[in-house]
1. Putting +1 on Lys and Arg Cβ atoms and -1 on Asp and Glu Cβ atoms, find which of His78, Ile111, Ala10 reaches farthest to the positive end of the dipole of the range 1-113.
2. Measuring from the lowest to the highest alpha carbon on each principal axis, how far does the range 7-64 reach, largest first, in angstroms?
3. What is the magnitude of the charge dipole of the range 1-103 about its Cα centre, with +1 placed on the Cβ of each Lys and Arg, -1 on the Cβ of each Asp and Glu, and no other charges, expressed in debye to the nearest 20?
4. Want the number for Asn255 to Ala191: 0.36 nm per residue separation, take away the alpha-carbon distance, what's left?
5. Counting other C-beta atoms within 10 Å, and keeping those with at most 16, which DSSP coil trypsin sites (Lys or Arg not before Pro) do you find in the range 1-74?
6. Whose amide H sits under 5 Å from the amide H of Gln236, counting only residues 5 or more places off or on another chain, with H placed in the peptide plane?
7. What percent antiparallel are the DSSP beta bridges of the range 1-113, to the nearest 5?
8. Which of the chymotrypsin sites (Phe, Trp or Tyr not before Pro) found in the range 1-65 are loop residues per DSSP with 14 or fewer other Cβ atoms within 10 Å of their Cβ?
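The values are calculated or read from the model by the stated rules, or taken from the named source; none is laboratory data. The model shown is predicted, which means the values in this text are computed figures rather than measured ones. Positions of Cβ are backbone-derived with ideal geometry, glycine not excepted, and every protein chain shown enters the neighbour counts. The area values use the complete protein model at the heavy-atom level, side chains included, leaving out ligands, DNA and RNA. Shrake-Rupley method; radii C 1.70, N 1.55, O 1.52, S 1.80 Å.
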Amino acid sequence: MKIHFLGTAAAEGFPNPFCRCEACRKAKSLGGKNIRTRSSILIDDVIKVDYSADSHMQALRDQIDLGAVEHLLFTHTHYDHFQPTDLYNRIEGFAHGIDHPLHIYGNDAAICQSRTALGSVAGSKRFAFHLFRPFETISIGDMQITPLLANHDQLENCLLFYIEKGGKALFYGNDTGWLHDDTWAWLQGKAIDMAILDCTHSFTKNDRNPNHMGIETVLEVQRIWKEEGTLGGDSQIYVTHFTHNSGFMHNDFENAFNSYGIKVAYDGLIVDL
């Protein structure tokens, strides 16, 4: 699998263009890997996870053909992950040369709100909708994808993804805090070759942080997965979804994780699994 990190920031972006805090000022000054857009990844150029308001700019920045994307997986309907009105730009007459529908997957809230946002064009040949049910595996192309429960918004069944292809397994764990009990149970006996974990916060003094992870929570997940054999010797963990409220720059997160072998994602990073 080819995993392309399109964005690695939390909801407000990093820096937040409205914010005058020290972290935002410093990120603007340093630039480079400290400039982060809202979180999303692209897998093998054809599967996109989440669609934020930054998707248009990310596609231009990284020279991505969004017309080639065949599948869009929504984790949940929070605004930094879910902007279905932008998909209107894919309709006949706005986008030319497209010969396949965009298959949209998500929980019932994501599917319902996507269809409402697209209105009359939701039933066109350009879109197809599929309801995810937690822990039910489906085939998408040459991949097997299992949606798992996140520990995030208690009023929505937010999802994480376990993605298998060619004997490799990717765990997409964003947005979530300490994993949901049912997700821990489902992962028992499974292997993870690459995990992408939420690290919204820096140090929180809580290794079981709810809603979003911080450094201690990521390290506790790593410890347990190693003990249980979920992570092998060659397995990788990448952290993402950083908020400016952490006060940490890219190198601060690298310094916190380097000795544990955990890598800090940044916008535009491409990893081959």
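1. Ala10
2. Ordered largest first, the range 7-64 gives principal extents of 38, 19, 15 Å.
3. Working: 11 positive and 13 negative charges, 145 e Å.
Computed charge dipole of the range 1-103: roughly 700 debye.
4. Values: separation 64, 0.36 × 64 = 23.04 nm, distance 2.72 nm.
In short, 20.3 nm is gained.
5. Working: sites: Lys2, Arg20, Arg25, Lys26, Lys28, Lys33, Arg36, Arg38, Lys48, Arg61; in loops: Arg20.
Passing sites in the range 1-74 are Arg20.
6. Met194, Ala195
7. Values: 8 of 16 bridges.
Among the beta bridges of the range 1-113, antiparallel pairing accounts for roughly 50 percent.
8. Numbers: sites: Phe5, Phe18, Tyr51; in loops: Phe18.
Passing sites in the range 1-65 are Phe18.
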